[in-house]
Amino acid sequence: MTSSTGPVSVYAANPHYLFYNGKPIILLTSDQHYGAVVNADFNYVGFLKKLGSRGLNFTRIYPGAYIEKENDFVKDNNLGPLNGRQILPWTRTQTPGAHPVLGGLKYDLDQWNESYFSRLIDYCSNAMDLGVIVEICFFNGMYVERWAYQAMHHANNIQGAGRCDWDMVQSLTGDPKLVLYQEKYVAELTRRLNEFDNLTFHICDEPWMCRKSPTVFGPWVSRLTDVVRETERALPKKHLIGQTVDFGMSNNEADFSADSRIQYIDVEYSRGIHDLENEYDHDKPIVYIESVFYPDMYTGDKIADTRVEAWEFMVGGAAGFMQLNGLYSTMNAAAEGTEIDTVLDVFVDLRKFLESFNLFTMRRDRSFIVKVPSDAFASAVSEPGREYAFYIHHSTCHDPFHAVPERVSSRSPRLHSYEVTRGSYHEAFTFRFPEGRYEAEWIDPAKGSVVRRDSFLHAGGDRTFQVPEYSVDIALRMVRK
């Protein structure tokens with residue numbers, strides 16, 4: 001295992017970013033659907049090597065409390081193993097009666113499956129060697145049609161734990177016996193993984209899926225957050241805990257984004273840029289943790305749609321971006337023979353742009369933007385008077401929760417994504433910034449190349465730029481010399 005200088009932490013000099021191996025970092029990835037460990041047929045070594053080969057450094061796993069069945073959401077979904085091909089934290093018994101998706105045999109929730117933990121530890125070790133950060137997301141919000149084939153459902157374990165309806169799985173009152181096993185599961189994973197520096201923890205993605213009041217699932221999230229903290233109190237390493245904040249968990253009893261126990265914030269889908277704006281004042285790293293499935297749930301030009309989503313968010317001052325990618329599948333973990341490298345080029349070029357700045361001295365900043373087209377989406381970060389990063393794109397947002405309702409379309413069945421609007425854009429942008437000599441570079445994000453360079457002396461105040469013609473999006477790098 002490659003050594004490091006301690007677990008992933010928050011960068012003290014700028015808490016909107018993360019810190020690892022002695023330096024601040026950004027997280028970028030196009031990721032598998034979280035089933036890398038629990039799917040016995042998934043070649044996670046090949047998958048991780050694909051990420052590492054392109055300099056991508058982020059992945060997420062669901063470690064066993066929630067699985068899907070074969071072909072859920074997309075064909076060959078790796079979180080949906082073939083029936084009986086799950087490898088879960090608990091020992092599978094010879095007692096019949098479990099759901100066919102689980103292979104028909106019940107689990108013993110009091111006996112740990114050492115083969116599973118060997119696989120989990122090997123996954124985290126391989127990721128650490130490649131510089132890949134792993135988010136361990138203990139639970140996912142439950143779906144009515146999926147509760148019946150989870151190991152913690154009463155019909156699938158010999159303890160009979162989980163005697164509650166699907167919408168009370170993530171609560172303290174649905175089945176107290178189930179809560180005890182949920183706590184035991186979280187504590188054991190926390191203990192077993194304490195040696196790894198390349199991990200963060202996340203209690204539950206989308207607990208609002210239960211459609212209950214936040215007063216139901218909020219105390220459950222809080223209790224399991226305490227379980228992680230209590231477990232690590234006696235252990236040498238302390239890991240970050242994140243929480244997904246979204247329309248179902250914002251400014252209510254389940255929102256712990258201001259709580260000191262939560263050190264970073266996850267947001268989702270194209271509406272994540274709205275949540276980035278809303279949550280930024282917490283002074284915590286904000287990570288885009290999940291897009292809709294690539295390629296099935298994107299529309300139009302899928303690569304361009306991917307690009308505008310990632311660039312807008314990261315140039316907006318975020319700590320990380322994770323695309324959910326169905327090209328990585330159960331039987332093709334590295335997505336060989338697909339357009340995967342073209343997809344990953346988006347993130348390689350984005351990293352190159354971001355790392356061309358002293359990024360970790362910069363913060364989200366739209367105050368210098370005086371005038372840009374009102375029918376486009378723009379984002380920016382700056383260190384005022386020194387460096388400015390700006391990005392703009394022309395798209396339709398298929399998301400009813402997006403921050404700009406007049407530019408939202410619900411005509412697409414694939415909600416929560418962008419669809420680029422190609423054109424021939426001849427525009428003038430006006431920015432306000434202090435006096436000095438500046439160098440500006442206009443970047444074509446589709447190619448990662450400089451379109452035009454300008455060097456000028458500015459007297460301070462407003463300056464209008466005639467922008468090079470572009471077809472979807474353009475970025476600006478402006479530095480005071």
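When you restrict to C-alpha pairs under 8 Å that are six or more residues apart and normalise by the size of the stretch 1-40, the relative contact order lands at 26 percent.
Here each label is just a point 7 Å from Cα along the line to Cβ, and for residue 21 and residue 5 those points are 1.2 nm apart. Relative contact order for the stretch 9-357: what is it in percent, counting Cα pairs under 8 Å that are at least 6 residues apart? Relative CO of the stretch 9-357 lands at 20 percent. Computed over the stretch 363-480, relative contact order equals 29 percent, with contacts defined as Cα pairs under 8 Å that lie 6+ residues apart. Going by a ≥ b ≥ c, the root eigenvalues of the Cα gyration tensor, does the stretch 363-480 fall in the rounded group (a/c under 1.5), the prolate group (a/b larger than b/c) or the oblate group? Cα axes put the stretch 363-480 in the prolate bin. Sequence-ordered 3J(HN,Hα) estimates for the stretch 296-310 from the Karplus curve with 6.51, -1.76 and 1.60 and θ = phi - 60° stand at 4, 9, 9, 10, x, 7, 5, 5, 5, 4, 4, 4, 5, 4, 6 Hz, glycine and proline given as x.
State the extension gain, in nm to one decimal, for the chain segment bounded by residue 371 and residue 464, taking 0.36 nm per residue of separation less the distance between their alpha-carbons.
32.6 nm
What is the stretch 100-257 by shape, rounded, prolate or oblate, if you read a ≥ b ≥ c off the alpha carbon gyration tensor as root eigenvalues and call it rounded for a/c under 1.5, prolate for a/b larger than b/c, and oblate otherwise? Oblate is the answer for the stretch 100-257, as a/c is 1.5 or above yet b/c matches or exceeds a/b. In the chain, helices alone account for a calculated mean residue ellipticity at 222 nm of -6500 deg cm²/dmol, with every DSSP H run of four or more residues adding -39,500 (n - 2.57).
Against the main long axis of the alpha-carbon atoms of the chain, helix 44-53 sits at an angle near 10°.
Extents of the stretch 9-357, largest first, come to 58, 45, 39 Å (Cα atoms, principal axes, whole angstrom).
Apply 1/(1 + (r/R0)^6) to the Cβ-Cβ distance of residue 435 and residue 251, taking R0 = 35 Å, and write down the FRET efficiency to the nearest 0.05.
That pair, residue 435 with residue 251, gives E of 0.30.
Computed from backbone phi, the HN-Hα couplings of the stretch 342-354 come to 5, 4, 5, 4, 4, 7, 5, 5, 5, 4, 4, 5, 5 Hz, rounded to whole numbers (Karplus: 6.51 cos²θ - 1.76 cosθ + 1.60, θ = phi - 60°; Gly and Pro given as x). Distances between placed amide hydrogens fall under 5 Å for residue 470 paired with 425, all partners being 5 or more residues away or on another chain.
Straightening the chain between residue 260 and residue 234 buys 7.4 nm, computed as 0.36 nm per residue apart minus the Cα-Cα spacing.
For the stretch 9-357, the number of Lys pairs with C-alpha atoms closer than 25 Å, counting only pairs eight or more positions apart or on separate chains, is 26.
The chymotrypsin sites (Phe, Trp or Tyr not before Pro) of the stretch 137-184 include none that DSSP puts in a loop with a beta carbon having at most 12 other beta carbons within 10 Å. Relative to the longest principal axis of the Cα atoms of the chain, helix 176-192 runs at roughly 60 degrees.
Taking amide H as placed 1.01 Å from N in the peptide plane, the amide H of residue 296 sits under 5 Å from that of 326, each at least 5 places away or on another chain.
Label sites at residue 73 and residue 453, each approximated as a point 7 angstrom past Cα along Cα to Cβ, lie 4.4 nm apart. Multiplying the residue separation of residue 188 and residue 145 by 0.36 nm and subtracting their alpha-carbon distance yields 12.7 nm.
Using the Cβ of residue 382 as centre and a radius below 12 Å, the other residues enclosed give a net charge of +4, where K and R count +1 and D and E count -1.
No value in this document is a laboratory result; all are computed from the given coordinates. Please read these numbers as outputs of a predicted model, since none were measured by experiment. As a convention, Cβ positions derive from the backbone with ideal geometry for all residues, glycine included, and neighbour counts pool all protein chains shown.
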